[in-house]
Amino acid sequence: MNTEEKKPKSRRELVRTMGQSGNYWYAMEESKNLKKGKSLEVIFWKSPIALFRGESGKVSAIENRCPHRQLRLTSGIVEGEEIICQYHGWNFDGCGKCTGISHELGKGKGKSELPNIKINSYPVQEKYGLIWVFPGDPALSETVKIPAIPQLDQAEPWEFIPIDVKLKAHYSMMLENVCDFNHAFLHRKFKPFTNPHLKGYRREGDTIWIDYETDMSQSSAVKTAGEKKGAGLEDMTLWYQYPYQGSNTADKYLHWLFMTPIDEKNTRCFFVFLLGPLEIPFINKPVPKFLRKTVIWIANKLYIIPLLGEDTYILSEEMLGQERHPDIQHLEFNPIVGEFQKMSIEKWEEYVHTEALRKKQQKEDKQRYVFTGAGLTKKELRDYNKMLEEKEVAGL
Ligand code: FES
Ligand SMILES: [Fe+2]
């Protein structure tokens, strides 16, 4: 017997195999990238989703799979509020219902006379310049909210330009990066933080709060923004508000990170940086309203994007390290890393559990179509249900 295979996975190995709970809203695309009458594919943990914008401007999200022969619907066309498969011309509405068939089978037939064919659809909404999809149990999409960003919800919202980063690494690596300031060495050119000191952290519900003390006076951005030696910017609060991440420094500089896991090696990241008191570099006068977007564009281009580029590069290196040495223990000294991993594992297992029960319930209710949340395979859920049944039989 091969005892090697029996060895339980370490927490790190485990988290790197997991997706994120579908029972949250995920930023999938920037609104501006999906024009009327167009479609595009996005992926939530190995589940391809077709996003399309009808003539009315409304966005729909359905499985990117024609049930006829499993072609990608996004290779077809959008007409009115429907998407039409390129091959035999089957139409699908935003609910995933087949509403038209161009050939003999459906020709001249009204919707009620067509064969009853449907694919999964997902709740979708647009906010903060992003298209958000709820990949899990649609019944929860009403109560679970997109995180509120007060600076963008107020009467005069702060200007921002989302930054879309395609990361070649598992999402947990990005989380462990953004909350671990011990990697100041990597950013020795831009110096976003110097001499960081972790003051403390705590978990409240599904949020982990972290307090850092750090010297920001060396940061080229802080210097350019006219902040006096980073005074008042020594304390930074970060959070992992499952499944989102963010930070706040003196209510002036904030960021949000919205990640969408694609698979074990790829993650789509949308960063929203919020820069409060913008001043014109070097002359230190407030930036007039009409110029703010331009200044943000310049700040993104010259500082934030190159800085994030250092992180995405190093995380692709970490991914390579993991592929080469999957079972060698890390020498991890930052306690936050473990806390994050615990919460990610807990939330993913909760999702698998509730979706397995939902699937079982749909079958018992003899529903015509059994749909479970994106990101889970039928096998995964079957195995999980089997495990639950075995536990029940054993009285556990
Ligand atoms: S494969 Fe889509 S209509 Fe035939
Ligand atoms: Fe970094």
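The values are calculated or read from the model by the stated rules, or taken from the named source; none is laboratory data. These numbers were taken from a predicted model, which means no experiment stands behind them. Counting neighbours? That spans all protein chains shown, and the Cβs are built from the backbone with ideal geometry, glycine included. To get the accessible areas, we keep the full protein, side chains included, count just its heavy atoms, and leave off ligands, DNA and RNA. Shrake-Rupley method; radii C 1.70, N 1.55, O 1.52, S 1.80 Å.
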(request) Could you list, in sequence order, all residues of the range 43-59 that are out of contact with any Pro (no Cβ under 8 Å at 6 or more places or on another chain) and surrounded by fewer than 24 Cβ atoms within 10 Å (Cβ to Cβ)? (result) Ile43, Lys46, Pro48, Arg53, Gly54, Glu55, Ser56, Gly57, Lys58, Val59
(request) Could you please find all residues in the range 254-286 being open to solvent by less than 40 Å² (accessible area, probe 1.4 Å) and at pLDDT below 90? (result) Leu275, Gly276, Leu278
(message) Being more than 16 Å from ligand 2 (Cβ to nearest atom) and of a type in the set (A, V, I, L, M, F, W, C) is the filter here; which residues of the range 160-178 pass it?
(response) Phe160, Ile161
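Check every one of the helices (runs of 4 or more DSSP H) wholly within the range 144-237 and list those with 2 or more residues that are among the hydrophobic types (A, V, I, L, M, F, W, C).
Working: elements: 150-153, 171-178, 220-224.
Output list reads 171-178, 220-224.
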(message) Any residue that is within 20 Å of the chain's Cα centre (by Cα) and among the hydrophobic types (A, V, I, L, M, F, W, C) - is there at least one of those in the range 320-330?
(response) no
(request) Filter the range 20-39 for residues that are touching an Asp or Glu at 6+ places or on another chain (Cβ under 8 Å) and over 22 Å from Val272 (Cα atoms) and give the result. (result) Lys36, Gly37
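Only one residue in Pro162, Pro138 is over 16 Å from the mean Cα position of the chain (by Cα) and either away from ligand 1 (no atom under 16 Å from the Cβ) or at pLDDT 95 or above (or both), so which one is that? Reasoning before the result, please.
Details: Pro162 fails: over 16 Å from the mean Cα position of the chain (by Cα).
Residue meeting the stated conditions: Pro138.
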(request) State whether one or more residues within the range 151-165 are open to solvent by less than 10 Å² (accessible area, probe 1.4 Å) and out of contact with any Asp or Glu (no Cβ under 8 Å at 6 or more places or on another chain). (result) no
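What do you reckon, is His88 touching a Ser or Thr at 6+ places or on another chain (Cβ under 8 Å), under 25 Å from Arg368 (Cα atoms), within 15 Å of ligand 1 (Cβ to nearest atom) and in a loop (DSSP other than H, G, I, E, B)? Break it down into steps so the answer makes sense when it comes.
Working: touching a Ser or Thr at 6+ places or on another chain (Cβ under 8 Å): yes; under 25 Å from Arg368 (Cα atoms): yes; within 15 Å of ligand 1 (Cβ to nearest atom): yes; in a loop (DSSP other than H, G, I, E, B): yes.
Yes: the conditions hold for His88.
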(message) Can you find a residue that is closer than 25 Å to Phe44 by Cβ and touching a residue at least 40 places away in the same chain (Cβ under 8 Å) anywhere in the range 277-287?
(response) no
(message) Being open to solvent by 10 Å² or more (accessible area, probe 1.4 Å), in contact with a Ser or Thr (Cβ under 8 Å, 6 or more places away or on another chain) and in a loop (DSSP other than H, G, I, E, B) is the filter here; which residues of the range 106-143 pass it?
(response) Leu114, Pro123, Gly129, Asp137
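Quick grid of which residues meet (1) touching a helix residue (DSSP H, G or I) at 6+ places or on another chain (Cβ under 9 Å); (2) without any contact (Cβ under 8 Å) to a residue 12 or more places away in the chain; (3) at negative phi; (4) in the same structural domain as Ala221 (by TED's automatic domain parsing):
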residue: Ala299; (1), (2), (3), (4): yes, no, yes, yes
residue: Ile314; (1), (2), (3), (4): yes, no, yes, yes
residue: Gly321; (1), (2), (3), (4): no, yes, yes, yes
residue: Pro326; (1), (2), (3), (4): yes, no, yes, yes
residue: Phe333; (1), (2), (3), (4): yes, no, yes, yes
residue: Trp348; (1), (2), (3), (4): yes, no, yes, no
residue: Glu364; (1), (2), (3), (4): no, yes, yes, no
residue: Gly373; (1), (2), (3), (4): yes, no, yes, no
(request) Kindly provide the set of residues from the range 274-325 that are in contact with an Asp or Glu (Cβ under 7 Å, 6 or more places away or on another chain) and among the hydrophobic types (A, V, I, L, M, F, W, C), ordered by number. (result) Val287, Ile296
(message) Considering only the range 67-82, I want to know if a residue exists there that is touching a helix residue (DSSP H, G or I) at 6+ places or on another chain (Cβ under 9 Å) and buried (at least 16 other Cβ atoms within 10 Å of the Cβ).
(response) no
